[in-house]
2 protein chains.
Amino acid sequence: MEEQHALVGFAALSQETRLRIVRLLVKAGPEGMAAGAIGEALGGASTSRLSFHLTHLEHAGLIRSRREGRFIIYSAVFATLAGLIAFLMRDCCDGHPDICAPVAAALDCACDPTLTREA
Amino acid sequence: MEEQHALVGFAALSQETRLRIVRLLVKAGPEGMAAGAIGEALGGASTSRLSFHLTHLEHAGLIRSRREGRFIIYSAVFATLAGLIAFLMRDCCDGHPDICAPVAAALDCACDPTLTREA
DNA sequence: TCAACCTCTCAAGATATGTTGAGACAATGA
DNA sequence: TCATTGTCTCAACATATCTTGAGAGGTTGA
């Protein structure tokens, strides 16, 4: 990931509505959610406001959309999220393998830790 | 980490000068760098501008400062960086352990993968 | 075709953010 | 004490961003 992409990504995440959308879609997984469902989950965001932020997030590459009938379904792009994290922490360990341990530990999810070494 | 802290953190990272400072300090490790050295590494940022962004980052908890003689040394706060990542990806794996694998893989540093399971 | 539905686009005002330059504070060594 | 060095604070301007409301574009089922 290049700096410019990272800047756009972090800017996209630095707004309350957008951060909530991303976290919602991270939880929703690849199936994603329709724009209307996102709006409901967020509780009373006007459609234009929601659309503005969804467009913003899509331009940042953090989410993607697909049409299903009259619904537009949004889902998180996990590769971009991974890229942001990688860009931020790149070179953190050069000569100091212990330093970024808490960062790795932050991914306290159910992932098999062996996955960390692949790809 | 709470939402408000995460928002402040991502906002701090969404500005070119600040993102460069953080990456510089991530590489510098716990020893950190003096404000002047940071300014030189960044190449021609005025002192007031640099100070503004350093203060901003410190308020966001992403860096900390200590005085050494007439120098002020800044260093990255890895726990906050870890918190940001954790906040973003929390619950990503519920029922889908394979989804966040690329995110974990993004931490392609020299860390011992077993560290991922600790703390 | 028509009405209902879901979502997007656009322009305008309010608010937040970044940059600059001048000046001030603190620490050092002579 | 004084000059020098390193860094911070402040106010003003320029710019970017968010919200709102009205309106329009596709899609569906009758």
Sole miss for A:Arg66 among (1) modelled with pLDDT under 90; (2) more than 12 Å from the chain's Cα centre (by Cα) is condition (1)
Before we move on, is A:Phe87 at pLDDT 95 or above, of a type outside the set (Gly, Ala, Ser), more than 8 Å from DNA strand C (Cβ to nearest atom) and crowded, with 17+ Cβ neighbours inside 10 Å?
no
So which residues in region A:11-63 are assigned to a helix (DSSP H, G or I), within 10 Å of chain B (Cβ to nearest Cβ) and without any contact (Cβ under 8 Å) to a residue 12 or more places away in the chain?
A:Glu16, A:Leu19, A:Arg23, A:Lys27
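The values are calculated or read from the model by the stated rules, or taken from the named source; none is laboratory data. The structure displayed is predicted, hence computed values, not measured ones. No Cβ is skipped: glycine too gets one built from the backbone with ideal geometry, and neighbour counts run over all protein chains shown.
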